[in-house]
Amino acid sequence: MNNLLVLAGLAIFFIALALLRPVDHDESQYVAAAALTAHGLIPYRDFAYLQTPLQPYLFAPIAALTGTWTWPALRITNALLGTATIAAVHRAARIGGASTRAAAIAAALFATCDILLFSIGTARNDALPAACLALALPAIVRTARDQAGRRDAIVIGALLAAAATAKISYALPALTYGIWTLFRADRRPWWTLLGTLPFVALTTALFLQAPESFLFGVIGFPGQAPTEWYQTRPWKLSNAAKIIDILKFLALGPPLLAIVATRGKRHRWHLILDLLILAGLVAALAPVPTWRQYLLPMLPALFVRLALVWHAYPPGKAMRIVAVVFACAGLAPTVEAVASGGIPMLDAMRDAAAVRETLDRERVAGPVATLSPQFLPGPAIDPRFATGPFYFRSTALLDACQEYALHLVSQARTHLLGYPSAILTGGEGVWSSGDDRIDAVLAAYARHHGYRAVPVSGTRFTLYVARRVSPRPAPHNNP
């Protein structure tokens, strides 16, 4: 009962942080993907998606149920997934032999990591794969300590495959575990493989429908786009910047302390936890530049290890003080982010309602081109802008024929945009961690092509309406 109350309190705390955290333009593509999938469009085939495909399908029912409130609903979903992640780490530590106290302390420290708090406080695609990986850990620990059962093997395979199908960086921990099972038959590698098959089937089916779009979204764009975007800031792509960023993100909370505290202290069966930690770190180091959420794959296993070590070697007073200091450091960025006053998510929903009212008043029935699709109702989103600003800001990743085939438009080829019913600007800017210059390209296109500017009352948005407007209003105020 006490554990349930603690989890309920933690969930409420995370949900509150999710609603208080400022808008981030990173969320645009994930909200749009869930909304478009809920309306029957298929990722890659009908719109570009720049990740592996599981999240739009799992979150589409939420989008269908919540309608115009999809964005805050996805934030709340990620907050609940964060709660499940922490609970799974606590459970895995207890199964591994840690005392209730050691497991609780490790889980609590995990909950103060800025890496985790950011990842579960926005509508990105970090919380789902992290929860899948963490939920696999209790069964992984049982398998490492004892002979694996078929059920555990299937569950592990399914959860690790789900993590990789939600975000490609989790493929390395999943592959690492799969290789580890091959060294002993009692770890049941074939039953583990069986658990992966539904997710392999989903991925294969979507790949076969649109192979070029799938490969570009999952592999090509992540590998090429950051280099192009940061070419005017080469320092951000350097190894020195990567090392500084990694250390900074690990120090914002207890991860760096946990790495030091667990170094060299383990039982033989802890090897798989060490391998998962290492795989998560390598996955974070692979992209350039490195962002804090990239380090999340290594944290669940790391804090299970911390619980096990602190059970066997309880921390002294100095270590406990240092842990509190690091925990405060981990909370500081979140406190700073939510301390600006107001409820940003509520403000965003008011802006979205004002946008819908303007669409209805102007009788805009067709798709709306915008770099901020999270502010639009699902049926109004132009599928070519499902990636928000992230493909549009590129200049030379694809040629014109490829962009057309993959349902994309870049700022270098706005002449191929045609004449959408409306263009919405104002959501991509410094206030949303974006770049005003990119939104200005769309605004300039609209003005050059004779669109009529309609300020969205009470917001920073402007709706540019085509001169030829559909006579029938679209029901944008209906969920």
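The values are calculated or read from the model by the stated rules, or taken from the named source; none is laboratory data. Computed from a prediction, not measured in an experiment: that's the story for all the values here. Note: ideal-geometry Cβ built from the backbone for every residue, glycine included; neighbour counts use all protein chains shown.
Before moving on, here are some points about what is shown:
- Of the set (1) closer than 24 Å to G341 by Cα; (2) under 16 Å from the mean Cα position of the chain (by Cα), all apply to W69 but (2).
- The residue that is farthest from M319 (Cα to Cα), counting only those in the range 201-255 that are touching a Ser or Thr at 6+ places or on another chain (Cβ under 7 Å) and among the charged types (D, E, K, R), is E228.
- Residue in the range 375-386 that is modelled with pLDDT under 95 and in a loop (DSSP other than H, G, I, E, B) present: yes
- Screening D152 on (1) under 18 Å from the mean Cα position of the chain (by Cα); (2) within 14 Å of G195 (Cβ to Cβ); (3) among the acidic types (D, E) shows it passes everything except condition (1).
- The lone exception for R187 - which of (1) under 29 Å from F47 (Cβ atoms); (2) surrounded by 19 or more Cβ atoms within 10 Å (Cβ to Cβ) it fails: (1)
- Here V89 passes the criteria (1) surrounded by fewer than 23 Cβ atoms within 10 Å (Cβ to Cβ); (2) among the hydrophobic types (A, V, I, L, M, F, W, C); (3) in contact with a Pro (Cβ under 6 Å, 6 or more places away or on another chain) except the one numbered (1).
- Taking the listed residues A103, A123, A131, the one that is touching a Lys or Arg at 6+ places or on another chain (Cβ under 7 Å), under 30 Å from R320 (Cβ atoms) and crowded, with 24+ Cβ neighbours inside 10 Å is A103, with no other qualifying.
- Considering (1) over 24 Å from the mean Cα position of the chain (by Cα); (2) assigned by TED's automatic domain parsing to the domain that holds Y177, the lone condition that V355 does not fulfil carries the number (2).
- Filter pass, L299 being within 25 Å of P138 (Cα to Cα) and either assigned by TED's automatic domain parsing to the domain that holds G253 or among the hydrophobic types (A, V, I, L, M, F, W, C) (or both): yes
- Residue pairs whose Cβ atoms lie under 8 Å apart, separated by 6 or more positions or on different chains, with the first residue in the range 367-382 and of a type in the set (F, W, Y) and the second assigned to a strand (DSSP E or B) and surrounded by 24 or more Cβ atoms within 10 Å (Cβ to Cβ), are F375/L424.
- The lone exception for W269 - which of (1) crowded, with 16+ Cβ neighbours inside 10 Å; (2) in contact with a helix residue (DSSP H, G or I) (Cβ under 6 Å, 6 or more places away or on another chain) it fails: (1)
- Any hit, the range 128-146, residues being over 17 Å from T85 (Cβ atoms), at pLDDT below 95 and not in a helix (DSSP H, G or I): yes
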